[in-house]
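The structure appears below as structure tokens.
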Amino acid sequence: MNAADPEFDVCVIGSSNLDLVATTARLADPAGDQLLAVMAAESIATRHVRRHADIVTGRALIGVAHGGENSIIVVPGANATVTGHDIPTARVVLAQLEVPLGAIIAAFRSAADRGAITVLNPAPARELPAELLRLCDIVVPNELEAEVLGGVAQLTEFGATSVLVTLGSDGAMLHDASGVTPIDPYAVSSIDTTAAGDTFCGALCARLAAGDRLIDAARFASAAAAFSTTRSGAVPSIPTAAEVDRFLQGDG
């Protein structure tokens with residue numbers, strides 16, 4: 001199978017975490033079954049998901065402030081064992097930094113060889129090797145992450161083709177070869193921003209896989225992220241494509 005006939009539209013090289021928005025006693029590990037069930041319910045292919053017999057599923061502990069902003073503590077669990085080898089073919093490969101850097105580099109190198117679009121969400125922010133940035137078609141940091149990584153100029157100097165900085169309620173800013181293009185925000189009454197960044201990246205990649213230009217995909221992603229903040233929780237807040245379309249038409 002080649003890039004012209006990939007198995008998937010979007011392949012995500014990332015972590016799976018059970019999001020707990022509370023303090024809790026020690027848990028058993030039903031999270032793996034729960035996450036697989038959620039994926040199946042959303043028609044997400046799971047045949048390439050690997051389970052580790054001796055390491056629990058990762059968890060994210062989320063605190064939400066009164067204004068909807070959040071802070072997250074991540075326990076990587078089995079996510080720390082991801083290798084990035086033997087990834088399926090896809091039009092777009094998305095990764096974030098809750099898995100080992102070596103896994104992302106291996107996955108992106110394979111994706112580049114197949115002609116796929118590579119998208120990196122550098123969260124949680126950390127110093128990144130130029131080897132990885134040279135493999136990135138698009139880097140999607142928020143303002144803080146961009147600052148930690150040395151700014152947009154450094155990201156592009158080290159090899160990133162395009163940098164799309166998300167700005168929360170102020171929308172986003174696209175930096176590419178044509179210059180700097182603002183992505184307008186959408187006015188909503190936010191109650192929880194927990195999944196906004198993930199929603200933005202997922203929607204962006206879905207539209208890129210469908211053939212949208214980056215600027216158009218970014219505008220759709222901005223709308224999806226804004227819509228997600230009007231709901232509580234992580235997975236439950238992520239809208240469907242149809243919901244985003246209605247939102248854009250003013251019927252949401």
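For the reader, a short list of remarks on this structure follows.
- Against the numbered list (1) surrounded by 23 or more Cβ atoms within 10 Å (Cβ to Cβ); (2) at pLDDT 95 or above; (3) not charged (D, E, K, R), Thr194 comes up short only at (2).
- Among the criteria (1) under 22 Å from Arg207 (Cα atoms); (2) among the charged types (D, E, K, R); (3) touching a Pro at 6+ places or on another chain (Cβ under 8 Å), the one Glu98 does not fulfil is (1).
- Considering residues of the range 233-250 that are under 10 Å from Ala195 (Cβ atoms) and either out of contact with any helix residue (DSSP H, G or I) (no Cβ under 8 Å at 6 or more places or on another chain) or aromatic (Phe, Trp, Tyr) (or both) only, the residue surrounded by the fewest Cβ atoms within 10 Å (Cβ to Cβ): Pro236
- For the criterion of being in a strand (DSSP E or B), under 30 Å from Ser169 (Cα atoms) and at pLDDT 85 or above, Val10 passes.
- Residues in the range 86-116 that are surrounded by 21 or more Cβ atoms within 10 Å (Cβ to Cβ) and either among the β-branched types (Val, Ile, Thr) or at positive phi (or both) were compared, and the one that is nearest to the chain's Cα centre (by Cα) is Val93.
A quick yes/no check of all residues on (1) outside any helix (DSSP H, G or I); (2) out of contact with any Lys or Arg (no Cβ under 6 Å at 6 or more places or on another chain); (3) under 18 Å from Ile72 (Cβ atoms); (4) not small (Gly, Ala, Ser):
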position	(1), (2), (3), (4)
Val119	yes, yes, no, yes
Ala123	yes, yes, yes, no
Leu128	yes, yes, no, yes
Gly159	yes, no, no, no
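- First in the range 41-61 and touching a residue at least 40 places away in the same chain (Cβ under 8 Å) and within 15 Å of Val99 (Cα to Cα), second anywhere and of a type in the set (Gly, Ala, Ser) and outside any loop (DSSP other than H, G, I, E, B), Cβ under 6 Å, 6 or more apart: Thr57/Ala31; Thr57/Gly32; Thr57/Gly77; Thr57/Ala78; Gly58/Gly77
- Test: residue in the range 74-96 that is part of a helix (DSSP H, G or I), modelled with pLDDT under 85 and among the hydroxyl-bearing types (Ser, Thr, Tyr): yes
- Residue in the range 30-57 that is surrounded by the fewest Cβ atoms within 10 Å (Cβ to Cβ), counting only those that are of a type in the set (A, V, I, L, M, F, W, C) and in a loop (DSSP other than H, G, I, E, B): Ala53
The values are calculated or read from the model by the stated rules, or taken from the named source; none is laboratory data. Here the structure is a predicted model, which is why all the values come from computation and not from measurement. Using ideal geometry, Cβ is built from the backbone for each residue, glycine included, and neighbour counts are taken over all protein chains shown.
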